[in-house]
1. Kindly check whether there is at least one residue in segment 39-48 that is of a type in the set (Ser, Thr, Tyr) and either farther than 30 Å from ASP4 by Cα or modelled with pLDDT under 95 (or both).
2. Can you tell me how many residues within segment 58-91 are without any contact (Cβ under 8 Å) to a residue 24 or more places away in the chain and small (Gly, Ala, Ser)?
3. Can you tell me which residue among PHE81, PHE88, PHE42, PHE16 is among the aromatic types (Phe, Trp, Tyr) and assigned to a loop (DSSP other than H, G, I, E, B)?
4. Check GLY55 against each of (1) within 15 Å of the chain's Cα centre (by Cα); (2) surrounded by fewer than 17 Cβ atoms within 10 Å (Cβ to Cβ); (3) modelled with pLDDT of 95 or more and name the one condition it does not meet.
5. Return the residue satisfying two criteria in turn: it lies in segment 58-78 and is more than 12 Å from the chain's Cα centre (by Cα), among the small types (Gly, Ala, Ser) and in a loop (DSSP other than H, G, I, E, B), and of such residues it is farthest from THR117 (Cα to Cα).
6. Does segment 93-107 include one or more residues that are farther than 17 Å from PRO8 by Cα and in contact with a strand residue (DSSP E or B) (Cβ under 6 Å, 6 or more places away or on another chain)?
7. For segment 98-121, what are the residues that are loosely packed, with under 14 Cβ neighbours inside 10 Å, closer than 30 Å to PRO3 by Cα and over 17 Å from the mean Cα position of the chain (by Cα)?
8. I'd like to verify a number: residues in segment 19-32 that are assigned to a strand (DSSP E or B) and either free of Cβ contacts under 8 Å to residues at least 60 places away in the same chain or loosely packed, with under 14 Cβ neighbours inside 10 Å (or both), how many?
Amino acid sequence: MTPDTTPPVVTAGQSFNYAENQSAAAVVGAVAATDAVGVTGFRFSATSTATSADGCCTIAPDGKIALTAAGVAAGVAQNDFETSPNTFTYGIQARDAAGNWSSAAKVTLNVTDVDETVPAR
């Protein structure tokens, strides 16, 4: 049997919008990738780990991106629309069952505004 040497492909141009003021572990997007055998994991290309270089996000083996406690801290741009920038781009790679890693693809997270002047009910 010929070994699998073909890496997965992270779908190009993925962009996710999420409302500001999320709690820690809030999922803000789910990265899609394809592979002939199956995708088994993801990582941030800048760190080659499940945590982004800025420490604000993690990515799970199923591609779900979540905010960390650092990412939800008061005044941190990744969770506060009023603190610019409001768009963050990360290089994401996918792994298949044979251990092949894809090339990095840019994935963008967009923080959207919540009207904080409206009283909570």
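The values are calculated or read from the model by the stated rules, or taken from the named source; none is laboratory data. Computed from a prediction, not measured in an experiment: that's the story for all the values here. Ideal geometry is used to build each Cβ from the backbone, glycine not excepted, and the neighbour counts take in all protein chains shown.
1. no
2. The total comes to 6.
3. Details: PHE88 fails: assigned to a loop (DSSP other than H, G, I, E, B); PHE42 fails: assigned to a loop (DSSP other than H, G, I, E, B); PHE16 fails: assigned to a loop (DSSP other than H, G, I, E, B).
Just a single option satisfies the conditions, and that option is PHE81.
4. (3)
5. ALA73
6. No - not one qualifying residue is present in segment 93-107.
7. Matches in segment 98-121: GLY99 only.
8. Residues in segment 19-32 being assigned to a strand (DSSP E or B) and either free of Cβ contacts under 8 Å to residues at least 60 places away in the same chain or loosely packed, with under 14 Cβ neighbours inside 10 Å (or both): 3 in total.
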